[in-house]
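The values are calculated or read from the model by the stated rules, or taken from the named source; none is laboratory data. Note that this is a predicted model, so its numbers are computed, not measured. Because the Cβ atoms are built from the backbone with ideal geometry, glycine has one as well, and the counts that use them run over all protein chains shown.
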Amino acid sequence: MRSAVLFIHRWVGITVLFFLAIAAITGAIIAFNKELDRAINPEWNYVTPIGARLSLNDLVAKMHERFPEARVTYVRIDEAEDRSFRFLVSRKPSEGEGTKLINQQVFVNPYDGEILGTRRSGTFSVDRPNLIPFLSKLHYTLFLGDFGKWLMGFIALAWLIDHLGAAYLSFPSLKNWKKSFLLRWRSGGYKLNFDLHRAGGLWFFPILFVLALTSVELNLKAPFVWVVSQFSSLTSKNCVCHVDPNANWTANTSSWDGAVDLARNLMPNLSPSSVMFYPDEGKFRISMRGPDDISDSGMTYVYVNAVTGKQLMVFDRSDETGGDTFMAWMYPLHNGRAFGLAGQIVISLTGILLTLICVTGLVIYFKKLGARKAGRQLKLKQQTTAAAPALENEAAQ
């Protein structure tokens, strides 16, 4: 039994090691993605407050003037007075640019509409403006598109299952279980390397297991949702709503600002964190954030008819099922933000530890490989030595 588990653990480890190391290294950094992006691109993220902010309608109009062939599909609203707003403008691809929409992030001064900086989403570049988005995309998809997303999902699934085998192998003797958590510092060399691999995994086992589980959810969303739905009902956050494109605007205020005002009036104790516009469906989705939310992007959604300005649907946590709660925790657990700064630090340190586990695992593999090779050579030599007298006798006859 143990030899079979060891065999599986060895080959699963070697198979996922390279991908896991990339995810670990990048994950240790992007646990602070927002903070780092603001630190290395301060001129894009910080503004000097002067007077009152412009309305969203005015800001969107300025975006359309600057990007006449594109549509504003998203705006991130930052409550801090010295922060910029982040817009997402989308346009159809030109010839030679593929078939997917081209999305561009635009950082805007909300007080005068000045464009502070732009970057194209998914750019393969490590220059200062694109560094953090580059690391995030590398972390999740390896820049291989949907294939990379699924690949990393199956890597995470294999890693998740392998946790069971690793835990089993870590305790060869239950009577001496404490030894599995200790490091033989004085022994050094291979023994210390082995202890770092085993004990490091045991110390952080719960966190590593959660990271593996949440990685599966993030990259294999549809299958994961199906599995969860077998145990608990899930409430759809999407509004499948019919919008009559020929209807008249009947709200008292105009589109973007009207949608946000409607959401504020419905949820006076919450603050809008972002607005998503679906031009093909004729609707807005306003994300609302509360003090008790584990996600800094908000956990309440208000859908507004972009043609009439009327409410379409509200998703809040009042009717949340167990499955909804479980799913809501996935991403905040993965990046550590569910527990604030302390959680981010733990996730970053875990990324460093996981890199160490990958390196020590590789050392163990090559050590065992060398030992097996030496054993085969010794066995062959012994067989050759044993056969030599018989050959001599045969030759003498």
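Of note:
One line per residue, one yes/no per condition, for (1) closer than 16 Å to residue 60 by Cα; (2) assigned to a loop (DSSP other than H, G, I, E, B); (3) among the small types (Gly, Ala, Ser):
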position	(1), (2), (3)
260	yes, no, no
276	yes, no, no
293	no, yes, no
309	no, yes, yes
312	no, no, no
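- Selection count where residues are under 19 Å from the mean Cα position of the chain (by Cα) and surrounded by fewer than 15 Cβ atoms within 10 Å (Cβ to Cβ), scope the stretch 127-149: 5
- The sole residue among 38, 76, 83 that is surrounded by 14 or more Cβ atoms within 10 Å (Cβ to Cβ), touching a helix residue (DSSP H, G or I) at 6+ places or on another chain (Cβ under 6 Å), at pLDDT 90 or above and under 27 Å from residue 136 (Cα atoms) is 38.
- Spans of helices (runs of 4 or more DSSP H) in the stretch 24-122 with at least 1 residues more than 30 Å from residue 210 (Cβ to Cβ) and of a type in the set (Gly, Ala, Ser): 56-66
- Members of the stretch 1-17 found to be out of contact with any Cys (no Cβ under 8 Å at 6 or more places or on another chain), hydrophobic (A, V, I, L, M, F, W, C) and either under 12 Å from residue 133 (Cα atoms) or surrounded by fewer than 19 Cβ atoms within 10 Å (Cβ to Cβ) (or both), listed by number: 1, 4, 5, 6, 7, 8, 11, 12, 14
- Residue pairs whose Cβ atoms lie under 7 Å apart, separated by 6 or more positions or on different chains, with the first residue in the stretch 312-329 and free of Cβ contacts under 8 Å to residues at least 60 places away in the same chain and surrounded by 15 or more Cβ atoms within 10 Å (Cβ to Cβ) and the second of a type outside the set (Ser, Thr, Tyr) and not in a loop (DSSP other than H, G, I, E, B), are 314/266; 314/302; 329/338.
- The one condition from (1) farther than 24 Å from residue 18 by Cβ; (2) of a type in the set (S, T, N, Q); (3) assigned to a helix (DSSP H, G or I) that residue 193 does not meet is (1).
- The residue that is modelled with the lowest pLDDT, among those in the stretch 1-28 that are among the hydroxyl-bearing types (Ser, Thr, Tyr) and more than 15 Å from residue 351 (Cβ to Cβ), is 3.
- Residue in the stretch 280-307 that is farthest from residue 80 (Cα to Cα), counting only those that are among the charged types (D, E, K, R) and touching a strand residue (DSSP E or B) at 6+ places or on another chain (Cβ under 9 Å): 283
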